[in-house]
Amino acid sequence: MASHKDLGVPEGSFLLTRARVPACFLAGGPAGATDAEGSCLVDIVVANGVVDGIVPSGQASATDLPTVDAEGRQVWATLIDMHTHLDKGQVIPRATPDGTLEGGVRLTMADRKRWTHEDIAARMRFALKCAYSHGVSTIRTHLDSPEEWLPRRSLPVFRELRSEWAGKVDLQAVGLAPLSIFKTDWGNTLADLMAESGGVLGGVTDALGVYEGLADEALDGLLDLFLDAATDRGLDVDLHVDQTESLDLFALPRIAAAVMRKKFKGRVVVGHCVSLALAPEDVAERTIRMAVDAGLHFVTLPTPMVYLQDRKPNRTPRWRGVTLAHELLDAGLKVAIGGDNCRDAWFPFGDHDMLDTLQQSVRIFQLDNPIAKALPMAGPMPSDIVGAGHQGRIAVGAPADFILLSARTLNEAMCRPQADRIVVRNGRRVTETLPDYAELDAVM
Ligand SMILES: [Zn+2]
């Protein structure tokens, strides 16, 4: 077997033979028999950067195209990170997280004083370079949306980078603000800005809102205002929900009820929802049934949650701090995994590598029997949730975007960092390497 890095990927047009593709990454469903891990051995025809055919291995008709033999190695679709915070990332060491949610709020507010156009752009661009070279093709980022910052600072940078990176890492924005702003003019202005920017309306319903005196009944009223603002502009919504160890303010059932009460037509994403894992069984079951009825989509952010939840000085955490992923999936709900914070005041680690996030999630959630259950959470499911079209799957007629791993099996794929992966976009090998951290020195 030739070294995987020596595989030539000819420019734009070739026949990739003996590619082992997990069935969830095949837009047309399994091509031929699946192996014990749920993958299919296929040949993929790539013509002028587009997938022209996917057939069971050995069944491709004779072609003049150069052949690349994957020798049974894993070939995945590019991955999607549907929950990030590119505006606040890459600020280590100028911010020093203390490992608490409160510290995350406080230190981010302090760091915002340095958020000039150049500063935000440099940090976002660094993040996008990381994501692109790791094989991430779509990112949804929340943008902190205080009235004095978003319109003049973060949003112009976001729009500039969205154009700059289109077709490499496609970007979506979520205007993220406390729900209380929907009692003010700024709520409507933010919704207008998101509508003009092709964005999504975001909000925080978790107990961080308690700092503003948010109580259960007040939450219902704010959710109604929030959903009305989205409905008026045809926006989807994406909420930060229940990031605490307390059930004092359990927002998830209230969100489901509000969506049904308002007959909301857009897509509703609920992120985090870790309190659900602490609810009594009957409450959790009832809440999941409500989520099904309301058609909610979930995104779980396990890496920062494991870091932040149940943290007290010099004490080992007693719970994992993640949501009920198995139960939500088994109820037929879509559950994506996301990277969330990256080298910021909330979470000092990460590299915008969804393959790494997936590997960690498989361990944290015990999603290994079978591993194939976890894979859609990083590709097809977030693609469907955020409306990313062909992305997250390999599809005939779509750009030839995929990740060639040296691993032959999913177990092998989970056991090494896959730093030797080959990312192919539009049928061409991505040659850009990870950015050097020194690129950030100027803004630190
Ligand atoms: Zn977040």
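The residue of the stretch 277-323 that is nearest to the ligand (Cβ to nearest atom), among those that are hydrophobic (A, V, I, L, M, F, W, C) and open to solvent by 30 Å² or more (accessible area, probe 1.4 Å), is Val306.
Looking at Val105, Val75, Val68, which one is among the hydrophobic types (A, V, I, L, M, F, W, C) and within 16 Å of the ligand (Cβ to nearest atom)?
Values: Val75 fails: within 16 Å of the ligand (Cβ to nearest atom); Val68 fails: within 16 Å of the ligand (Cβ to nearest atom).
None of the other options fit; the residue is Val105.
Can you name every residue in the stretch 57-74 that is buried (at least 23 other Cβ atoms within 10 Å of the Cβ) and assigned to a strand (DSSP E or B)? Result: Gln74, single match.
In this structure, Arg123 qualifies as over 20 Å from Thr244 (Cβ atoms) and either modelled with pLDDT of 95 or more or assigned by TED's automatic domain parsing to the domain that holds Asp353 (or both).
For (1) in contact (Cβ under 8 Å) with a residue 12 or more places away in the chain; (2) assigned to a helix (DSSP H, G or I); (3) touching a Pro at 6+ places or on another chain (Cβ under 7 Å); (4) open to solvent by 40 Å² or more (accessible area, probe 1.4 Å), each residue gets a yes or a no:
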site: Lys113; (1), (2), (3), (4): no, yes, no, yes
site: Ala122; (1), (2), (3), (4): yes, yes, no, no
site: Cys130; (1), (2), (3), (4): yes, yes, yes, no
site: Ser137; (1), (2), (3), (4): yes, no, no, no
site: Arg140; (1), (2), (3), (4): yes, no, no, no
site: Pro151; (1), (2), (3), (4): yes, yes, no, yes
site: Ser163; (1), (2), (3), (4): no, yes, no, yes
site: Gln172; (1), (2), (3), (4): yes, no, no, no
site: Gly187; (1), (2), (3), (4): yes, yes, no, no
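Name every residue in the stretch 87-102 that is without any contact (Cβ under 8 Å) to a residue 60 or more places away in the chain and within 16 Å of the ligand (Cβ to nearest atom), in order of residue number. The answer is Glu102, and nothing else. When Leu235 is tested against (1) part of a helix (DSSP H, G or I); (2) touching a residue at least 40 places away in the same chain (Cβ under 8 Å); (3) away from the ligand (no atom under 16 Å from the Cβ), exactly one condition is not met: (1).
Take the conditions open to solvent by 40 Å² or more (accessible area, probe 1.4 Å), in the same structural domain as Leu171 (by TED's automatic domain parsing) and not in a helix (DSSP H, G or I) and apply them to Thr96. Does it pass?
Numbers: open to solvent by 40 Å² or more (accessible area, probe 1.4 Å): yes; in the same structural domain as Leu171 (by TED's automatic domain parsing): yes; not in a helix (DSSP H, G or I): yes.
Yes: the conditions hold for Thr96.
Going through (1) open to solvent by less than 40 Å² (accessible area, probe 1.4 Å); (2) within 17 Å of the chain's Cα centre (by Cα); (3) among the charged types (D, E, K, R) one by one, Arg425 falls short only on (2).
Can you find even one residue in the stretch 225-233 that is at pLDDT below 90 and more than 24 Å from Val157 (Cα to Cα)? No, there is no match, as no residue in the stretch 225-233 is at pLDDT below 90 and more than 24 Å from Val157 (Cα to Cα). For the stretch 257-268, indicate whether the set of residues that are in a loop (DSSP other than H, G, I, E, B), open to solvent by less than 10 Å² (accessible area, probe 1.4 Å) and assigned by TED's automatic domain parsing to the domain that holds Asn341 is non-empty. No, every residue in the stretch 257-268 fails to be in a loop (DSSP other than H, G, I, E, B), open to solvent by less than 10 Å² (accessible area, probe 1.4 Å) and assigned by TED's automatic domain parsing to the domain that holds Asn341. I'd like the residue in the stretch 257-276 that is within 16 Å of the ligand (Cβ to nearest atom) and of a type in the set (Gly, Ala, Ser) and, out of all such residues, is modelled with the lowest pLDDT. Going through the qualifying residues, I end up with Ser275. Among the listed residues Gly49, Gly104, Gly89, which satisfies the condition of being outside the structural domain of Lys334 (by TED's automatic domain parsing) and of a type outside the set (Phe, Trp, Tyr)? Only one candidate passes the filter, namely Gly49.
For the stretch 335-372, the set of residues classified as more than 13 Å from Pro304 (Cβ to Cβ), assigned to a helix (DSSP H, G or I) and among the small types (Gly, Ala, Ser) consists of Ala372 only. Just one of (1) open to solvent by less than 40 Å² (accessible area, probe 1.4 Å); (2) out of contact with any Pro (no Cβ under 9 Å at 6 or more places or on another chain); (3) away from the ligand (no atom under 16 Å from the Cβ) fails for Gly202. It is (3).
The values are calculated or read from the model by the stated rules, or taken from the named source; none is laboratory data. Since the structure is predicted, the reported quantities are computational estimates derived from the model, not experimental observations. Glycine gets a Cβ as well: all are built from the backbone with ideal geometry, and neighbour counts include every protein chain shown. Protein only, heavy atoms only, side chains kept; ligands, DNA and RNA dropped before computing areas. Shrake-Rupley method; radii C 1.70, N 1.55, O 1.52, S 1.80 Å.
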